Amino acid sequence: MPNNQRHLQNYLILNKYYCYLFGFENMEEFRSKIKGTKEGISENAQFYFTEFLKTLKNLKLLPNDLNRYDEHIQEYLQHINRNRTKRIELKYFQYLAVLFTEIHLDKYFNDFDNYFDDFADFVEEMNEKHGYTASNGYPYPSIDSFKKLAYWSATGSGKTLLMHINYLQIMKYLRTANTPISFDNILLITPNKGLSKQHMEELNLSSINHELFDMQSLKLGLWSTELP
């Protein structure tokens, strides 16, 4: 690859930043430490994962913030388990995906300036550490870049359930942020009716209000939805 082109991995710098917040160099190191932690809730009413994270010696987050995130994640999990006969328990990789999203939304809506500056400093330090230039290094963040999150997960890893929790997360922060934001609806686009039906069944199980989009109703001005 030419020296003036970035590797795909360089665009995943936000993931590296979150590993840094917990004192790890990369996700592989993070995974090796947390994957053996017990699933579920401890006798202290917290995820065993959270209790483990609070013991990390290079942790750069406040324990009280982790306590707050743990409480929120338990609320989301209780929500999607209301209509389920078999309770969902988060695997370590699912917990981390939800936790990273929780941290991002909290900092984005409630402490954006410090969040942006800290991440920008981290990117600059990483470029200096690896001797990267502006053209082939880790991209410097923009305000718009903080509006998007993407997760790369294997087939069968529970992406649909994570999407449901992500929905509950964004709704919580849109309503409780320093400047609450309102909007009409969220669109979940699928390639066919069969998959739409499948998603609706899953949304029912997760106790999330939804309605099937109908183009004819839209033309008549009848289509609407209600967010919980």
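The values are calculated or read from the model by the stated rules, or taken from the named source; none is laboratory data. Remember, predicted model here, so these are calculated numbers, not experimental data. Neighbour counts are summed over all protein chains in view; Cβ atoms, including those assigned to glycine, are modelled from backbone coordinates with ideal geometry. Protein only, heavy atoms only, side chains kept; ligands, DNA and RNA dropped before computing areas. Shrake-Rupley method; radii C 1.70, N 1.55, O 1.52, S 1.80 Å.
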Taking the Cα centre as origin and putting +1 on Lys and Arg beta-carbons and -1 on Asp and Glu beta-carbons, what dipole magnitude results for the chain, to the nearest 20 debye? 780 debye
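Under a 1.4 Å probe, what is the accessible area of the chain per residue, stated in Å²?
Averaged over the residues of the chain, the accessible area is 62 Å².
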Within the accessible area of the stretch 121-171, what % is carbon and sulfur when the probe is 1.4 Å and the other protein chains stay in place? 56 percent
What's the angle, to the nearest 10 degrees (0 to 90), between helix 92-110's Cα axis and the longest principal axis of the chain? 90 degrees
Using 7 Å Cα-to-Cβ label points, what is the K38/I181 separation (nm, one decimal)? 4.0 nm
If you line up the long axis of helix 193-205 against the longest principal axis of the chain, both from Cα atoms, how many degrees apart are they, to the nearest 10? 80 degrees
Helix 63-80 axis, angle to the chain major axis (alpha carbon atoms, nearest 10°): 30 degrees
Helix-only [θ] at 222 nm, the chain, -39500 (n - 2.57) per DSSP H run of 4+, per residue, nearest 500, equals -16000 deg cm²/dmol
To the nearest 0.05, how large is the calculated FRET efficiency for Q78 and N209 if R₀ is 22 Å and r is the Cβ-Cβ distance? 0.85
What percentages make up the Cα-Cα pair-distance distribution of the chain when the bins are 5 Å wide from 0? 1, 5, 12, 15, 17, 16, 13, 10, 6, 3, 1, 0, 0
At 20 °C and 1.002 mPa s, grab the translational diffusion coefficient of the stretch 87-213 from Stokes-Einstein with a Kirkwood Rh over Cα pairs, rounded to a whole number in µm² per second. 124 µm²/s
Got a number for carbon plus sulfur as a percent of the stretch 24-77's accessible area, 1.4 Å probe? 46 percent
